[in-house]
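Structure, as structure tokens:
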Amino acid sequence: MPSAWTRSSKSGIRLAPSRREYSLWVWRWTNAIRLREDIGAPAHCQKRGPAGYFRRMRPARAIASLLALGLMMAFFHRVTAGSPLEARATLSFGFLLLTAYLGGALARRARLPRLTGYLLIGFAVGPAWLGLIRREEVDALQFIADAAVALIALAAGSELALDALRQGRVALSRLTIGAIAFPFTVVTLVMLSVTPWLPVTRHQPFHDAVVVALVLGTVAAASSPVLTLAMTSELDARGPLARALLAITVGQDLVVLVLFAVVLGVGRALASAGGLNGAVAGAALLHLGGSAAAGALLGYALGRYCVLAGRDTTLLLVATAFGTAAVARLAGLDTLIMALAAGFYIRNFAPVATEQLRTELQREGGGAGGAGSPVYVVFFALTGAGMRVGALAELWPWMLLLVGLRVVSLRYGTLWAARHPSVGPPLARYGWLGLVSQAGVALSLAQLSRKAFPEWGVSLESLIVAMIGVQSLLVAACSSSGTTNPPLPPCTASSGGHLTLAIAAYTAVDPTQTMGCAVFPSNAAGPTVEYLVVPQSGSTTPNDSEPFRLGGTLLAAPPMSRALLAPRSGSSAAQEFDLHLRRAERELAAQVPGPLRAPPPPRVVTASIPVDSGDVRTFKVCNVATCDPRKPSTLSSVTATALKVGTHIAIYVDNAAPVPGLTQSDLDDLRAVFDTLLYETDTLAFGHESDIDQNGQVIVLMTGKVNSLVTASDCVNKGYIAGYFFGADLITSGQFSTGNNGEIFYSIVPDVVGTLSCAHSVSEVKQVVPSTFVHEFQHMISFNQHSLLRPGFPEDLWLNEGLSHYAEENAARRFLRTAPPDSATFCNYVYGDLHNAGDYLAAAQDHFLVDTAGIGGLAERGAYWLFVRYLVDQFATDTSAAAANAFTRRLVATTQIGAANAAAATGTPFRTLVEQWGLTNYVSDLPGFSPPTELQYVKWRFRSDFPNLRARCPNPRTGVPPNPNIPAAYTLVPPVLDGSSLQVQGVLRAGSGGYYRLQQAPGGGQFTLLFSNSTGIALRTSLVPMLSVIRIQ
């Protein structure tokens, strides 16, 4: 990371009027209401109203509003009877959105999913019942519904990662087979047995009836990724179960389209003359292939746009949704398959687009916005309004039979799949519920069935459409959300999660398996018993969080403390610049073809041509903190001279650097520390850098352009950038290349009078640049190991930064092994990490560990460093520097990244690592306590090291002790509470947790703790919640 000198650390970087008048009026009406509710879609350039307006509306007022809107719409119906269809449809759309939002709020109040409210309101005001919206108006709005489907399906496709699909291929294959084979077989056989009574087939020859039964069986095997994603969004489910269900439904639809073509092909041989249009079979295959191909092209186009422009992603997604719907209509393709294919392509072949679009997709198409997203309101309200129930008068018993057969066969299909050990219990128990939904492809099959059977295809289509409509209502009614789930029952002595711990014994209670309960035994005799309790999240999802409550009884939820929800402090200039560079490296690694970023064959030192002292060279250097090699104006030419050349390092100094600058003696000092200590330390710990320019050296370019990246005023307020590495220097050609084609570390130059930015003395530069180098050199090595030597993605930002902060500490310890030991330099390198660690430990519950969406503030960086330090201490084979280096090289020389990398390098599940590290932070050197070996830092005893180093280390500004940046005492001080009356709340954040000491007096009775979300409902499984407990007394 680029480093900054700040007060706390050196590191941290929205009467019949004309058609136009109608449209304008309805736009204002709906947008005004939409701005009243915080539904997750920012209205740019406009101020938001109070969040949750409809959610806070009382039921009586909501019902009155619905009645008033209905009366208004009935009046407008009469007034606008002769108006153009487009104007009436626009008015109907605004009315439908308003009433649907109110219906969703009422459903929420009634402890029903909002999806049910949207569907029922659409059905009620639609042509099937009240007729406030006419059939032709619904048909005219179908294009908008198709656009909503496109956006949801794009989000669904972007959730399908090839690596995850490969890892779970056995379980997913069995579940997909079960979800297709069982409904197809059961429905086909039962429908065949009742053909003499089925209205569609009672007057048809037996062979024709066989074909109908096969078609109905095929349709029964289809599912709906769109409705599945909607259901998991309503559940706020983002874990492996939700992803598996989504993958299964997509697989079902693809297989069913092929199966439908096969059935029609077989049907040509069975059906009577003129009973079956065989050309529809080929049309079905073309429908599938053409839609998938068009979707892949769409995904490619989106990926290229994000690479070349990368702006206005919200508008891009809206344009994509309507464009997909339009192309599908014009070309006779399937909107759902097109958008699924585009999302799948983006996720797996356009990582840059994935990073830029996925957050927006999740909000608008199925993530953070959940079922309250406008996209879901539009889709489900129009789906409800479009329901046709005229055929139910004759077909309703058969429709119910089909629905029942399909649901039962899906249940048994998943039970069959669960006989294989790869299918976990959650999928076996609940997976069938996520497969009941039907829409999209099933509706396409209904339309194809009408074309395939000229004589009685209309009746068959009506039966299928009625079945799909009923199942849509069934799915919406059966899904649940955090607001519809009942609160967890109070814990009792017979609840799960019983704890019986000896002193120094520990465990982690999974609240998703114990109904949130942890039961502590009585303290019948003996002294006071004390436990350390740490509510934690082992989630690997960046920035994943959820409010929680922990207490012995269920009480009314108190208002959330502002401190718990407070935003993190603003980032320093260096942190913001570092985030820009690391994201840019991820983009270029994803987009640049391998041959253009692959290093030459292994370097042979004797063949290298080192830099000559006195060499003059021109470099391209960032002149703004948002520099981009694709934008030449963000790079400036700098002419510099090689003033010092060592074995591994060549120091170039900008010819335009301010004077007075570094003397030859100063440069000799820098070359010596770079060449003899820092280069060797980092390469032993992390592996070698690349050698793109084949000179066998790393260039240190000291230029005033680095000083100028921050203005003088920002330097005072946000710190400055001391140095950086940029991976674009290692790209040899193309738009991502800077043209430097070499390994370069950039640093500031002395500027005594502050002509470029704030002033920097010679001594300050000599002090801060080496420690910045060792940090940035790790980034350089990591980029080579992950993205040049291996065809991988750069390391996740949180672990990348953790390793670089570890590099600072590792270099610091090298100075303690010199003769004599250089403790002052040790302090200079390590005090920033100690400060950051103190910040984190002082309020661990307020900070993330898994923080890949950004690179964190100083406290988060403290967490990153502590976590890497813990991994090295626990998983190196011994305490030697060689063993530590061997372990850290495993973390760097791999294609694995982030939490998966930590788990692979240690052979330990990430959840377990988080559990043990969390406990270690408190008990490692707890006085009077002997923690288990796996709960100890080896190299640090923070309770004594903090005050000792603060007293011994010099203040970097004055050069004399004490160093005020190092904490005066250990900052992790959990509150001491009575376990039987505990009532706390907070926020679980990915990888982190809060700390509480619970005491139980002598003779104290058994007590329980209920671990739930802030409303007393079960915590999300995808958050990987755990209540880690260790007995400390």
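Take residue 968 and tell me if it is outside any loop (DSSP other than H, G, I, E, B), among the hydrophobic types (A, V, I, L, M, F, W, C) and more than 30 Å from residue 1004 (Cβ to Cβ).
Numbers: outside any loop (DSSP other than H, G, I, E, B): no; among the hydrophobic types (A, V, I, L, M, F, W, C): yes; more than 30 Å from residue 1004 (Cβ to Cβ): yes.
So residue 968 does not fit the description; no.
Results for (1) in a helix (DSSP H, G or I); (2) under 11 Å from residue 384 (Cα atoms); (3) at pLDDT below 85, shown as yes or no for each residue.
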site	(1), (2), (3)
83	no, no, no
87	yes, no, no
95	yes, no, no
100	yes, yes, no
104	yes, no, no
108	yes, no, yes
112	no, no, yes
120	yes, yes, no
132	no, no, no
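Checking residue 258 against (1) closer than 19 Å to residue 340 by Cβ; (2) among the aliphatic types (A, V, I, L, M); (3) at pLDDT 85 or above; (4) buried (at least 19 other Cβ atoms within 10 Å of the Cβ), which test does it fail?
Only one criterion is unmet by residue 258, namely (4).
If you check every pair at least six apart or on different chains, which have Cβ atoms under 7 Å apart with a residue in segment 405-417 that is closer than 9 Å to residue 432 by Cα first and a residue that is outside any helix (DSSP H, G or I) second?
407/436; 410/436
Before we move on, is residue 870 within 26 Å of residue 954 (Cα to Cα) and modelled with pLDDT of 95 or more? Write out each step before concluding.
On the way: within 26 Å of residue 954 (Cα to Cα): no; modelled with pLDDT of 95 or more: yes.
Here the answer is no, as residue 870 does not meet what is asked.
For the subset of segment 982-1033 comprising residues that are in contact with a helix residue (DSSP H, G or I) (Cβ under 8 Å, 6 or more places away or on another chain), polar (S, T, N, Q) and surrounded by fewer than 21 Cβ atoms within 10 Å (Cβ to Cβ), which member is nearest to residue 516 (Cα to Cα)?
Checked segment 982-1033; the qualifying residue nearest to residue 516 (Cα to Cα) is 1021.
Between a residue in segment 202-224 that is closer than 16 Å to residue 276 by Cα and any residue that is of a type in the set (Ser, Thr, Tyr), which pairs come within a Cβ distance under 6 Å, given they are 6 or more apart or on different chains?
205/272; 208/272; 209/195; 209/201; 212/201; 213/188; 214/188; 215/449
Scanning for something part of a loop (DSSP other than H, G, I, E, B), of a type outside the set (D, E, K, R) and within 27 Å of residue 629 (Cα to Cα), does segment 658-666 turn up at least one residue?
Taking segment 658-666 and keeping what is part of a loop (DSSP other than H, G, I, E, B), we get 658-663.
This time we only want the ones that are of a type outside the set (D, E, K, R), so: 658-663.
Adding the requirement that they be within 27 Å of residue 629 (Cα to Cα) leaves 658.
Checked against the condition, which is being part of a loop (DSSP other than H, G, I, E, B), of a type outside the set (D, E, K, R) and within 27 Å of residue 629 (Cα to Cα), segment 658-666 yields at least one hit.
What are the pairs with Cβ atoms under 9 angstrom where one residue, in segment 311-337, is farther than 24 Å from residue 284 by Cα and the other, located anywhere, is not in a helix (DSSP H, G or I)? Sequence gap at least six, or different chains.
Listed by first residue and then by second, the contacts come to 314/41; 314/42; 314/44; 316/309.
So that you can scan it fast, the table gives a plain yes or no per residue for (1) part of a helix (DSSP H, G or I); (2) under 23 Å from residue 961 (Cβ atoms):
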site	(1), (2)
765	yes, yes
773	yes, no
781	yes, no
787	yes, no
794	no, no
804	yes, no
812	yes, yes
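Kindly provide the set of residues from segment 126-139 that are under 18 Å from residue 99 (Cβ atoms) and in contact with a helix residue (DSSP H, G or I) (Cβ under 7 Å, 6 or more places away or on another chain), ordered by number. Don't jump to the end; show me each part of the working.
Initial filter on segment 126-139 (under 18 Å from residue 99 (Cβ atoms)): 126-135, 137-138.
Correct list: 126, 127, 129, 130, 132, 133, 137, 138.
Residue by residue, here is whether (1) out of contact with any Phe, Trp or Tyr (no Cβ under 7 Å at 6 or more places or on another chain); (2) of a type outside the set (D, E, K, R) holds:
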site: 836; (1), (2): no, yes
site: 842; (1), (2): yes, yes
site: 851; (1), (2): no, no
site: 892; (1), (2): no, yes
site: 895; (1), (2): yes, yes
site: 901; (1), (2): yes, yes
site: 906; (1), (2): no, yes
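Given the structure, is residue 170 surrounded by fewer than 22 Cβ atoms within 10 Å (Cβ to Cβ), modelled with pLDDT of 90 or more and part of a helix (DSSP H, G or I)? Walk me through how you get there before you give the answer.
Working: surrounded by fewer than 22 Cβ atoms within 10 Å (Cβ to Cβ): yes; modelled with pLDDT of 90 or more: no; part of a helix (DSSP H, G or I): yes.
So residue 170 does not fit the description; no.
Take residue 229 and decide whether it is crowded, with 24+ Cβ neighbours inside 10 Å and either not assigned by TED's automatic domain parsing to the domain that holds residue 118 or not in a helix (DSSP H, G or I) (or both). Before the answer, list the steps.
Numbers: crowded, with 24+ Cβ neighbours inside 10 Å: yes; either not assigned by TED's automatic domain parsing to the domain that holds residue 118 or not in a helix (DSSP H, G or I) (or both): yes.
Criteria met by residue 229.
Out of all the residues in segment 192-209, which are in a helix (DSSP H, G or I) and farther than 16 Å from residue 457 by Cβ? Quick ask: steps written out before the conclusion?
As a first pass, look at segment 192-209 and keep what is in a helix (DSSP H, G or I): 192-193, 206-209.
Answer for segment 192-209, where residues must be in a helix (DSSP H, G or I) and farther than 16 Å from residue 457 by Cβ: 192, 193, 206, 207.
Yes/no matrix, rows are residues, columns are (1) hydrophobic (A, V, I, L, M, F, W, C); (2) assigned to a helix (DSSP H, G or I); (3) crowded, with 20+ Cβ neighbours inside 10 Å:
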residue: 824; (1), (2), (3): yes, yes, no
residue: 831; (1), (2), (3): no, yes, yes
residue: 868; (1), (2), (3): yes, yes, yes
residue: 872; (1), (2), (3): yes, yes, yes
residue: 883; (1), (2), (3): yes, yes, no
residue: 886; (1), (2), (3): yes, yes, no
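Restricting to segment 514-547, count the residues that are β-branched (Val, Ile, Thr) and over 30 Å from residue 1001 (Cβ atoms). Break it down stepwise before answering.
Looking only at segment 514-547, we keep the residues that are β-branched (Val, Ile, Thr), and these are 514, 519, 528-529, 533-534, 540-541.
From the residues that got through so far, the ones that are over 30 Å from residue 1001 (Cβ atoms) too are 540-541.
Adding up the residues that qualify gives 2.
Suppose we filter segment 250-301 for residues that are aromatic (Phe, Trp, Tyr) and touching a Phe, Trp or Tyr at 6+ places or on another chain (Cβ under 8 Å); how many remain?
So in segment 250-301, the residues aromatic (Phe, Trp, Tyr) come out as 260, 300.
Cutting the leftovers down to touching a Phe, Trp or Tyr at 6+ places or on another chain (Cβ under 8 Å) gives us 300.
Of the residues in segment 250-301, 1 are aromatic (Phe, Trp, Tyr) and touching a Phe, Trp or Tyr at 6+ places or on another chain (Cβ under 8 Å).
Within the set of pairs 6+ apart or on separate chains, which have a first residue in segment 881-906 that is modelled with pLDDT under 95, a second that is of a type in the set (Ser, Thr, Tyr) and part of a helix (DSSP H, G or I), and C-beta atoms under 6 Å apart?
none
Within segment 17-35, is there a residue that is basic (Lys, Arg) and modelled with pLDDT of 50 or more?
Looking only at segment 17-35, we keep the residues that are basic (Lys, Arg), and these are 19-20, 28, 34.
After this cut, where a residue has to be modelled with pLDDT of 50 or more as well, the list is none.
No: segment 17-35 contains no residue that is basic (Lys, Arg) and modelled with pLDDT of 50 or more.
The values are calculated or read from the model by the stated rules, or taken from the named source; none is laboratory data. As the structure is a prediction and not an experimental result, all values here were calculated from the model. Please note: Cβ atoms are built from the backbone with ideal geometry, for glycine as well, and neighbour counts cover all protein chains shown.
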